[in-house]
Amino acid sequence: DAALKSTRVVDVNDATLRLFGASSRDDLLDRDIAFAWPMESRGLYAEALMAAVERRDKLASETVLTALDGRRIEALFTVCWPTEHQARGNVLVGVIDVTERVAAQAQLEQTRADFAHASRVATLGELTASIAHEVNQPLTAIAIGGETALRWLSRPAPDLGEVRDLARRMVADAQRAADIISRIRDMARNRAPVHAPLSVAGV
């Protein structure tokens, strides 16, 4: 924060004035740059300071900056340290507005997610018979287990151990049926793809 407030603007071009919503050069010249760096982006500013200390040639990264009126700017931020300016402590900064490209990329991802959802729903329609079979298996097992448990209980000397074992298996089959339904609902739900680590051994 102290470094941001100590960094002063010494020159800008007309494109920078338009990008940051400045009415004249006086709006930006000789002011600190803290206004342009929201908290979410200050890690990049810290990285730029480290790049200067390490005497790297340049640094470039996409980030979010803030205009004078508080408007968010999706930007490609670049900074370099020309040799002739290093003695004066000056750096050359470039900011390219990529807001439209980022919005287009987000729209593309949404379109892909919508197509993936439509594909999943179509697949569900094709797999209806298979799904019914998958769900029917644990339900049939539950019915058979219940009938068997009733027979054990109807004996003159009920075998409660057998009944308890059957009850445990019925609970497990009910959970298996619930898991199948849950996975089917997940397939049908319209949501963006989630990238996550996955154990190949588990698969």
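The values are calculated or read from the model by the stated rules, or taken from the named source; none is laboratory data. Note that the coordinates shown come from a computational prediction; the quantities given were computed from them, not determined experimentally. Quick reminder, even Gly has a Cβ in these numbers, built from the backbone with ideal geometry, and neighbours come from all protein chains shown. For accessibility, only protein heavy atoms count, side chains too; no ligands or nucleic acids. Shrake-Rupley method; radii C 1.70, N 1.55, O 1.52, S 1.80 Å.
Listed values, structure above:
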read-out: Computed E for Asp11/Ser182 - FRET, C-beta separation, R0 45 angstrom, nearest 0.05; value: 0.15
read-out: Whether the stretch 84-187 is rounded, prolate or oblate, judged on the alpha carbon gyration tensor where a/c under 1.5 counts as rounded; value: oblate
read-out: Fluctuation leader among Ala75, Ala143, Ala46 - the chain, Gaussian network, Cα springs under 10 angstrom; value: Ala143
read-out: Charge context of Glu74, other residues only, Cβ under 9 angstrom, K/R +1, D/E -1; value: -1
read-out: Sulfur and carbon atoms: percent of accessible area, the chain [1.4 Å]; value: 57
read-out: The chain - percent relative contact order, Cα under 8 Å, separation 6 or more; value: 13
read-out: Accessible area in square angstrom per residue, the chain, 1.4 angstrom probe; value: 69
read-out: Structure-derived Cα extents along the principal axes in Å: which label, when the choices are (1) 100, 35, 31; (2) 44, 39, 37; (3) 54, 48, 44; value: (1)
read-out: Gained length - Arg151 relative to Val53, 0.36 nm times residue gap less alpha-carbon distance; value: 27.1 nm
read-out: Euclidean distance between Cα centres, the stretch 48-113 to the stretch 136-203, Å; value: 54
